[in-house]
Amino acid sequence: MAAGVWCESFASKTLFLWAFGAGVYNEIMEEEIMEKIILTGDRPTGKLHIGHYVGSLKRRVELQNSGNYDEIFIMIADAQALTDNADNPEKVRQNIIEVALDYLSCGLDPKKSTLFIQSQVPELCELTTFYMNLVTVSRLQRNPTVKSEIKMRNFEASIPVGFFNYPISQASDITAFKATTVPVGEDQLPMLEQTKEIVRKFNSTYGDTLIEPDILLPDNEACLRLPGTDGKAKMSKSLNNCIYLSDTEEEVRQKVMGMYTDPDHIKVSDPGKVEGNTVFTYLDAFCKEEHFERYLSEYKNLDELKAHYMRGGLGDVKVKKFLNAVIQEELAPIRARRKELEGQIPEIYDILKEGCKKARAKAAETVNEVKDAMKINYFEDGDLIKEQVERYKK
Ligand code: ATP
Ligand code: MG
C-alpha cells in the first residue's frame, strides 16, 4: 500500500478502532496489509505455444498491467524441466532464451514483473527438502497430472525421483515468493492442491508462516486446456501438436488448415459436430464478435457459425480460413516484437540475471522465516545457547 493512501485513511481507521475494538480492527488490517503477489512460470522445454498464451500468458500480462498486484514473479522452470530431460540439458539451456523472448514479445515487462530462472535460486531446493517431510509417497502417487505425465513419458517402469517430487518443488516455488495468486492452466490444479496441503501442514506443525495461494484459471472454458492441433491431447511442447507463438505466418496457416475437425463431416452438406472439434474449440478461445465484421461478415457471431455447421452446408475449409485470420491477427504483433527482441539477446540475459538476484533475495527471506519456524536457526537464536548454558550449570 502506498504511504500516501495510508496517511489519508488514518483518521477513519482510528475512528473505526474506537467504535469496534482492536480485535476486529487487527483482522481487517491484516487483510488490507497482505500483499497481492503472483508467481507462475513455464518449463524451458520448447518455445511457448498458443495453449500457454490463452491458458496463462495473456492473463499474466493483463494482471501485470492492471496495477492490482504488489509483486509479480515469472519463473523459467529449468530445474523442473530437467526432471524429465536429465539426459538433455542442452535442450533446457537453449530454451531459456526462447521462453524469455516469448515472454517479452507477449508484453511481460521487466519493470513490472521479475523474470527469473529457477535453478539460480538455490533457496528453493532448501524449502523442497523441508517440505518433503510433510508429504507421503502415496499422496504423490495419487496426483492425476503426475500420473498422466508418467504415462506420457513412459516412466512407468522407472520414475525418476526428481520427476516424482516435482509437485513438492512447485510448492517451494509458490511459497518462497509468498504468492497469493497463481495464474495457470487447468493441468496445474492438482499442483495447487498439493501446495495448499503443504502450507496447511507446515503452518499447523510449525506455526503460521506460509501463505496459502489461490489458483487463477482462465475464465474461458476453451482456454483451460487447449487441445493440440491433432485434437487428441492438450497442446504440449512435448507432443509436437503445437502452434507456436513464434511460428511464421505460413507455418500457422499450414497447421490450421491441417487441423483435426469432425471426422464424420465428410461432405460440405453433412451436419457437423462442434463439440470435440478442435477448430471450434480454438474459435471459442480466440474469436471475438468483431472478427466476424472483419473476416466473415455473413455471420454475426460464433453461435450463428456453429449453428450453420451443425445443420450442414458449411465446409471445414471456410471455417479454417476464418480461424487462420483470427489467430494471425493475434500473433502478428507478437511475432513482430519478437523479431526486434531477437537482436537484443545479451540485454535479455541481463534482465534475467537482475531478476534472479531479486528473486533470490525474496526467497531467502522466506527460507529464514521457515527455519525460524522450524527452530533450525541455531546461530540466530540467542535463547537456545543461553538455555543450554543454564542447563549445564546445574
Ligand atoms: P511440457 O510438455 O514440457 O510439460 P507444456 O506445454 O505442458 O510443456 P508447461 O511449461 O508445462 O507447458 O506449462 C506452462 C503453463 O502453461 C502452465 O500454467 C500450464 O497450465 C499452461 N499450459 C500448458 N499447456 C496448456 C494448454 N494446452 N492449454 C492451457 N494451458 C496450458
Ligand atoms: Mg507441462
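Readers should treat all values here as calculations from the given coordinates under stated rules, not as data from a laboratory. Here the structure is a predicted model, which is why all the values come from computation and not from measurement. As a convention, Cβ positions derive from the backbone with ideal geometry for all residues, glycine included, and neighbour counts pool all protein chains shown.
Observations on the structure shown:
- So N95, is it part of a loop (DSSP other than H, G, I, E, B) and either within 15 Å of ligand 1 (Cβ to nearest atom) or under 19 Å from L189 (Cα atoms) (or both): no
- Any hit, segment 226-249, residues being within 25 Å of R59 (Cα to Cα), outside any loop (DSSP other than H, G, I, E, B) and more than 16 Å from ligand 2 (Cβ to nearest atom): yes
- Among (1) surrounded by fewer than 21 Cβ atoms within 10 Å (Cβ to Cβ); (2) more than 30 Å from M132 (Cα to Cα); (3) touching a helix residue (DSSP H, G or I) at 6+ places or on another chain (Cβ under 7 Å) - the single one G258 does not satisfy: (3)
- Residue under evaluation G276, criteria (1) buried (at least 17 other Cβ atoms within 10 Å of the Cβ); (2) touching a residue at least 40 places away in the same chain (Cβ under 8 Å); (3) in a loop (DSSP other than H, G, I, E, B), criterion not met: (1)
Conditions (1) closer than 30 Å to A285 by Cα; (2) loosely packed, with under 15 Cβ neighbours inside 10 Å, marked per residue:
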position: E197; (1), (2): no, no
position: N203; (1), (2): no, no
position: L210; (1), (2): no, no
position: L216; (1), (2): yes, no
position: E221; (1), (2): yes, yes
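- Pair list, Cβ < 8 Å and 6+ apart or interchain, from segment 40-52 residues that are farther than 25 Å from A332 by Cβ to residues that are among the charged types (D, E, K, R) and within 8 Å of ligand 1 (Cβ to nearest atom): R43/K237; T45/K237
- Conditions (1) assigned to a loop (DSSP other than H, G, I, E, B); (2) within 16 Å of the chain's Cα centre (by Cα); (3) in contact (Cβ under 8 Å) with a residue 60 or more places away in the chain; number of the one not met by L210: (2)
- Pairs, first among the hydroxyl-bearing types (S, T, Y) in segment 286-301, second part of a loop (DSSP other than H, G, I, E, B) and surrounded by 17 or more Cβ atoms within 10 Å (Cβ to Cβ), C-beta under 8 Å, six or more apart: none
- Search result, residues across segment 250-261 that are within 16 Å of F322 (Cβ to Cβ) and either within 16 Å of ligand 2 (Cβ to nearest atom) or not in a helix (DSSP H, G or I) (or both): G258, M259, T261
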